[in-house]
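**Student:** This is the structure I have questions about; it appears just below.
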Amino acid sequence: EECQTLQCVFNQLLFDEEKGVYRDGVDSDHISLHANLFPLALGLVEEENVPRVMEYIRSRGLVCSVYAAQFLMDAIYQSGDGDYGLKMLTKEDERSWYNMVSHGATITYEAWDDKFKNNQDWNHAWGAAPANVIPRYLVGVRPLEAGFGRMTISPQTSALARVEALVPTIRGGVDVEIDSSAKAYRMRVEIPSNTVAVVDLPASGK
C-alpha cells in the first residue's frame, strides 16, 4: 500500500523492523540516539514500536548535546517512562545539569562540560530543559487547548515521595501537591476558576 503521510514514508524508509530502531539515513546502517529520540519526541513512531525505541534510548544515556536533551526528555516523558526521566534529570556525571551547577554555572552551558567545548559561553537558556520538563511532565501540567482553558494534570513523579509545585499559566497559577510517602497516594490540586482540568492519577501510585 502506497504511503499517503509523512509519518508513513518516514517509517517505511528509516525504521529497521528487525532491530526495532531508526537508522540515521536511507542509505545508512548506522543507528544513533539522535535518529531515535527525534522521531519519538515528534510523534512519528508507531505505537507498537515505542517500547523497542525506548529500550534503545535507555541504553544510550545522555550522549546528545544540551540542545538535543530537550527533545530527549520530551520523548522519554511522552512515552510514559517517568522513572528514566527522573534518572536523567538527577544524574551527576559529566553529561548532566548537575555537572553545570557543580562547576558554578549561573545559567546553562552551551555544552555539558568545558572538556566538550573549551570556548563555550554561558548564555544558553535553551539548555535549561528541566525548567520546562519538570512542570510539564514530572508535575504533569500541560494545556489541552490554547490559553489553558482546558488542561491535563498527569504527573510522573517516579520515586519522589513528595512533590509541590505552583505552575504559572496565563489564567493563573496551578497548585499541585503530591504525597506518595505513605501507602495511600495523595494529590491536591487547585486550578484557576476559569479553567477545567483533566486529572490523571497514576495506577502504580508513583
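The values are calculated or read from the model by the stated rules, or taken from the named source; none is laboratory data. The structure displayed is predicted, hence computed values, not measured ones. Cβ sites come from the backbone with ideal geometry, for glycine too, and all protein chains shown count toward neighbours. We work out accessible area using only protein heavy atoms, side chains counted, and drop any ligands, DNA or RNA first. Shrake-Rupley method; radii C 1.70, N 1.55, O 1.52, S 1.80 Å.
**Student:** When Lys and Arg each count +1 and Asp and Glu each count -1, what net charge do the other residues less than 9 Å away from Asp113, Cβ to Cβ, add up to?
**Tutor:** Net charge in that neighbourhood comes out at +1.
**Student:** Among Asp93, Asp81, Asp175, determine the one that fluctuates most according to a GNM of the chain built with springs between C-alpha atoms less than 10 Å apart.
**Tutor:** For the chain, modelled as a Gaussian network with Cα springs under 10 Å, the answer is Asp93.
**Student:** Sum -39500 (n - 2.57) across every DSSP H segment of at least 4 residues in the chain, then divide by the residue count to get the 222 nm mean residue ellipticity, nearest 500.
**Tutor:** Calculated at 222 nm, the ellipticity per residue is -8000 deg cm²/dmol.
**Student:** What is the mean projected area of the alpha carbon convex hull for the chain, to one decimal in square nanometres?
**Tutor:** 14.5 nm²
**Student:** Using Cα centres only, tell me the gap between region 134-195 and region 42-100 in whole Å.
**Tutor:** When both Cα centres are located, 21 Å separates them.
**Student:** With every protein chain kept in place and ligands, DNA and RNA left out, what is the accessible area per residue of region 33-80? Probe 1.4 Å, answer in Å².
**Tutor:** 41 Å²
**Student:** Same structure, new question: For the chain, can you list the cysteines whose C-beta has no other cysteine C-beta under 4.7 Å from it?
**Tutor:** Result for the chain is Cys64, no neighbouring Cys Cβ within the cutoff.
**Student:** Mean projection of the alpha-carbon convex hull of region 1-115 over all orientations, in nm²?
**Tutor:** If I average the Cα hull's projected area over directions, I get 8.3 nm².
**Student:** I've got another one for you. Quick one: with all protein chains in place, what share of the accessible area of region 26-176 is carbon or sulfur, to the nearest percent (1.4 Å probe)?
**Tutor:** In region 26-176, the share of accessible area belonging to carbon and sulfur is 53 percent.
**Student:** Please work out the average accessible area per residue across region 106-149, using the 1.4 Å probe convention, and give it in Å².
**Tutor:** Using a 1.4 Å probe on heavy atoms only, each residue of region 106-149 averages 52 Å².
**Student:** With springs connecting C-alpha atoms under 10 Å apart, model the chain as a Gaussian network and identify which of Val63, Val21, Val45 has the largest mean-square fluctuation.
**Tutor:** Result: Val63 has the largest fluctuation of those listed.
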